[in-house]
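The values are calculated or read from the model by the stated rules, or taken from the named source; none is laboratory data. These numbers were taken from a predicted model, which means no experiment stands behind them. Neighbour counts are summed over all protein chains in view; Cβ atoms, including those assigned to glycine, are modelled from backbone coordinates with ideal geometry. The protein model used for the area step is the full one, side chains on, heavy atoms only, and it has no ligands, DNA or RNA in it. Shrake-Rupley method; radii C 1.70, N 1.55, O 1.52, S 1.80 Å.
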Amino acid sequence: MDRLIDLLPDLWEATAETLYIVSFSLVLGGIAGLLIGLALYATRAGSLFPNRVVFGFLNVLVNFFRPIPFVILLAAVQPLARSVNIRGIGPEFGIFAITIASMFAISRIVEQNLLTVKPGVIEAARAAGASRSRVLFRLVPREALAPLVLGYTFIVVALVDMTAIAGAVAAGGLGEFAIVYGFKQFNPWVTWAAVLIIIVIVQLVQFFGNGLARRILRR
């Protein structure tokens, strides 16, 4: 317990690193995943911009990366990170790897949630004179907003998990803190302190996401 008290400044720094990694990964992966998901939805057969070639390519690309276990992806993307002047360790590498992993998971979640929009809503908008681009970028995301919020909430929780795994390769955050000061030094107090903070972060994210989705549904 005394050792944990001594390590409190490092614990708060690791917490801040985790939030930093999650935030940047969510922004980068969230935007990229949203664009890919919109493209998957728009180019599938019978959709707004059907294109078999584009849909087939994106579908295969997402299916290629999505099943790769994150711990293996960490090792696989290290050479790619170094090729763009990012070291194979540290928070920046964590953001790089998590962004790649999350963007493909997010794209599939976006696609699936957009598919819940009833065709009649789209047909009515088109009959009223709305362009296909307007329907795709404004109407469809608005109609699927509540499921999208829940989907992104799930992704944020997954990103927190990924930061903990990334700690195994010295990518910073609470994962690295728990491994270096807890597991390797046989100190369960330190390990459980990191675990409890991760649980608090996840609970807060889930609570906020569920509350926002409920507010959207009541409108």
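Say R0 is 25 Å: what FRET efficiency, to the nearest 0.05, do Arg218 and Phe154 get from their beta-carbon distance?
0.75
Which whole-number percentage describes the relative contact order of segment 1-65, with Cα contacts under 8 Å and a sequence gap of 6 or more?
16
Residue separation times 0.36 nm, minus the C-alpha to C-alpha distance between Ala128 and Val195: what's the value?
18.8 nm
So what is the relative contact order for segment 72-151, in percent, with contacts set as C-alpha pairs under 8 Å and at least six apart?
26
As a test of the definition: which semi-axes, in Å, follow for the chain when you take the square root of five times each eigenvalue of its alpha carbon gyration tensor? Largest first, please.
For the chain, the semi-axes come out at 38, 21, 11 Å.
In square angstrom, what is the accessible area per residue of segment 2-217 with a 1.4 angstrom probe?
With the other protein chains kept in place, segment 2-217 gives 54 Å² per residue.
Tyr181 accessible area, nearest 10 Å², 1.4 Å probe?
Approximately 60 Å² for this residue.
Enter the accessible area of Val202 (Å², nearest 10), with the probe set to 1.4 Å and all protein chains included.
For Val202, solvent-accessible area is about 30 Å².
When the accessible area of segment 2-217 is split by element with a 1.4 Å probe, what percent falls to carbon and sulfur?
68
Largest first, how would Phe137, Phe177, Phe207 line up by accessible area (1.4 Å probe)?
Phe207, Phe137, Phe177
Using a Förster distance of 25 angstrom, determine the FRET efficiency expected from the C-beta separation of Asn59 and Ser23, and round it to 0.05.
For R0 = 25 Å, the calculated efficiency reads 0.30.
Which order, highest average first, do 184-193, 94-103 follow once you tally other Cβ atoms within 10 Å for each residue and take the mean per peptide?
Packing proxy ranking, top to bottom: 94-103, 184-193.
How much net charge surrounds Phe208 when only the other residues with a Cβ under 13 Å from the Cβ of Phe208 are counted, with Lys and Arg +1 and Asp and Glu -1?
My count for the surroundings of Phe208 gives +2.
Return the FRET efficiency for the residue pair Arg52, Asp161: r is the Cβ-Cβ distance, R0 is 41 Å, and the value is rounded to the nearest 0.05.
E(calc), rounded to 0.05, equals 0.70.
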